[in-house]
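Beneath this line is the structure, given in structure tokens, with notes to follow.
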Protein chains: 2
Amino acid sequence: MSLIKKTNPRVISIKDFSSCSYCSVRRLCLPVSVDKEEIDIIDEFVEDRPHLKKSEYLFHAGDKFRSLYAIKSGAVKTFGSTRDGREQITGFHFAGELIGLDAIGNNMHNCNAVALEKTVICTMPYQNIEGISTQIPSIQHEITRLMSKEIRNDEEMLMAMGSMRAEQRVACFLFNLHRRLSTNSSDALSIRLPMTREEIGNYLGLSLETVSRRMSSLQEDGIINVENRLITLRDIEALQHLCN
Amino acid sequence: MSLIKKTNPRVISIKDFSSCSYCSVRRLCLPVSVDKEEIDIIDEFVEDRPHLKKSEYLFHAGDKFRSLYAIKSGAVKTFGSTRDGREQITGFHFAGELIGLDAIGNNMHNCNAVALEKTVICTMPYQNIEGISTQIPSIQHEITRLMSKEIRNDEEMLMAMGSMRAEQRVACFLFNLHRRLSTNSSDALSIRLPMTREEIGNYLGLSLETVSRRMSSLQEDGIINVENRLITLRDIEALQHLCN
DNA sequence: CGTATTTTTGAGCGATATCAACGGAAGTGG
DNA sequence: CCACTTCCGTTGATATCGCTCAAAAATACG
């Protein structure tokens with residue numbers, strides 16, 4: 001491939017810009033601990049990169065598990081449905097994050113995944129991943145690491161839900177977003193929320209009104225600025241302190 | 001090993017009764033999808049089987065991650081500490097269940113694990129597991145499956161915490177125990193709780209008084225019987241219905 | 001048998017949910 | 001680009017669930 005690149009850079013550059021090598025979130029994604037040549041192998045097993053519009057489903061609960069999905073850009077929510085029809089959001093996911101790991105266990109997706117905004121997805125068929133793992137052992141290790149991290153995240157969230165009051169939950173939620181959206185090069189001091197207050201409340205176990213009220217009080221305390229969906233962090237120390 | 005067994009059965013039988021082959025929870029544990037000869041290999045990498053008394057630690061948060069632990073008998077709680085010193089329980093674990101999976105990611109235990117009663121543990125050094133995975137590929141797959149299952153569990157719990165009222169949470173908690181403690185051969189209609197009301201409340205995000213009250217009301221409704229720590233399920237249908 | 005721990009039950013209070021109304025933003029179709 | 005509609009966010013008033021405090025009963029433990 002790199003050979004072709006030299007001889008015909010114009011055509012190839014189109015593929016390149018969607019490839020892992022040129023992906024802006026590569027350092028957060030599966031090929032994190034993989035060297036240059038190996039990325040091409042990973043690239044090959046990325047099946048396609050569908051563009052989702054807002055509210056489009058990536059997968060439904062009950063779907064057969066075929067692939068893991070990496071978010072190239074945009075944002076996704078995952079949620080289950082209670083029998084009485086209401087949805088319960090279990091996570092928000094951003095660029096560089098992998099979803100579908102919870103489906104490996106029983107070969108079936110256990111939640112729904114919906115784009116919160118225009119989103120680009122890298123589809124990675126799990127069979128290919130398992131095959132590739134023999135060639136690149138670090139991939140298996142990386143998957144294990146990511147799963148372990150997800151368990152940790154969920155359990156952190158459980159701890160929060162068990163012991164925190166509304167204001168703490170909201171603060172914790174925002175601080176968590178801050179951490180996840182910050183990169184080596186930039187601190188995410190302004191966050192444009194891709195989800196509604198209702199979705200935040202659903203996720204945090206609060207009513208949408210309480211989310212709104214607690215955001216207002218965090219603003220009054222000079223910790224954040226709220227301007228519709230644009231949240232500006234004014235005192236990160238204080239925010240972090242609320243999270244313990 | 002099976003050779004020695006024939007020549008000197010008396011000595012070996014002692015080892016056997018603690019070995020995986022003879023373990024009563026084998027079908028729930030790591031060697032679930034492994035055939036006879038392979039079990040001996042697994043047996044070999046089980047380092048030791050410490051007996052924990054009530055309140056003894058299996059590991060502390062911050063400990064270097066060395067091993068996964070399977071519970072042979074007894075019960076364990078895992079919990080983290082908030083900065084203000086209180087503990088937040090993230091899970092209860094019973095015979096046949098594996099703990100420590102969340103530590104693989106950052107090579108460090110992220111929570112504490114304490115025996116709730118007399119408990120026997122199988123210590124499985126992770127290095128050995130990784131090594132053995134090349135010999136028994138199904139082991140790696142099994143670990144992945146178990147991690148995925150834990151993610152699913154945690155997310156189910158998150159859904160519960162986000163949307164359920166106190167009575168539902170308690171009902172859900174009991175039904176979950178029922179499922180986990182039931183085996184092919186027996187339905188766990190009577191459950192002897194190894195944890196206090198306070199620990200249940202901590203786990204469910206409720207006060208110990210509320211746990212007690214909601215158990216009483218479930219009893220009044222004829223759904224369960226409460227006799228100190230012995231819970232008898234009288235109407236499992238109704239219990240399950242509350243969980244939704 | 002006595003002490004400590006755990007559990008139950010009651011009373012009052014506080015945090016958060018629910019209900020309601022309004023204003024603003026965003027999307028839609030002309 | 002504007003008018004219309006729908007969705008979203010804020011704020012206020014009231015209701016309710018679950019917490020805290022308190023005390024006593026039941027159980028476990030040495």
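Couple of notes before you dig in:
- Condition met for A:ALA61 (in the same structural domain as A:SER21 (by TED's automatic domain parsing), touching a Ser or Thr at 6+ places or on another chain (Cβ under 8 Å) and within 27 Å of B:SER163 (Cβ to Cβ)): yes
- Residue-level check: of (1) modelled with pLDDT of 90 or more; (2) under 18 Å from B:LEU158 (Cβ atoms), A:ILE121 misses just (2).
- Residue-level check: of (1) more than 16 Å from DNA strand D (Cβ to nearest atom); (2) more than 14 Å from chain A (Cβ to nearest Cβ); (3) surrounded by fewer than 21 Cβ atoms within 10 Å (Cβ to Cβ); (4) not in a helix (DSSP H, G or I), B:ASN128 misses just (4).
- Some residue of the range B:133-140 being touching a helix residue (DSSP H, G or I) at 6+ places or on another chain (Cβ under 7 Å) and under 16 Å from B:TYR69 (Cα atoms): yes
- Odd one out for A:THR210 among (1) over 30 Å from A:ARG26 (Cα atoms); (2) part of a loop (DSSP other than H, G, I, E, B): (2)
- Residues of the range A:222-236 satisfying the condition of being within 13 Å of DNA strand D (Cβ to nearest atom), charged (D, E, K, R) and in a loop (DSSP other than H, G, I, E, B): A:ARG229
- For the range A:79-125, the tally of residues that are at the interface with another protein chain (Cβ under 9 Å from one of its Cβ atoms), closer than 20 Å to B:LYS149 by Cβ and over 19 Å from the mean Cα position of the chain (by Cα) stands at 2.
- Qualifying residue in the range B:137-159 (condition: within 13 Å of DNA strand D (Cβ to nearest atom) and either on the phi < 0 side of the Ramachandran plot or assigned by TED's automatic domain parsing to the domain that holds B:VAL76 (or both)): no
- Residue that is nearest to DNA strand C (Cβ to nearest atom), among those in the range B:195-207 that are out of contact with any Leu (no Cβ under 6 Å at 6 or more places or on another chain) and not in a helix (DSSP H, G or I): B:THR196
- Among the residues of the range A:1-22, those that are at pLDDT 70 or above and over 18 Å from A:GLU142 (Cα atoms) comprise A:SER18, A:SER19, A:TYR22.
- Of everything in the range A:197-217 that is farther than 13 Å from A:PHE79 by Cβ and near DNA strand D (Cβ under 6 Å from one of its atoms), the residue that is farthest from the other protein chains (Cβ to nearest Cβ) is A:SER216.
- Of all the criteria given as (1) of a type in the set (D, E, K, R); (2) part of a loop (DSSP other than H, G, I, E, B); (3) within 25 Å of B:ASN112 (Cα to Cα), the one not satisfied by A:GLU142 is (2).
- Qualifying residue in the range A:48-66 (condition: without any contact (Cβ under 8 Å) to a residue 24 or more places away in the chain and within 15 Å of the chain's Cα centre (by Cα)): no
- Residue within the range B:155-171 that is polar (S, T, N, Q), facing another protein chain (nearest Cβ under 10 Å) and over 30 Å from B:ALA238 (Cα atoms) present: no
The values are calculated or read from the model by the stated rules, or taken from the named source; none is laboratory data. Keep in mind that what you see is a predicted model, and the values were worked out from it rather than measured. Every residue, glycine as well, gets a Cβ built from its backbone with ideal geometry; the counts of neighbours run over all protein chains shown.
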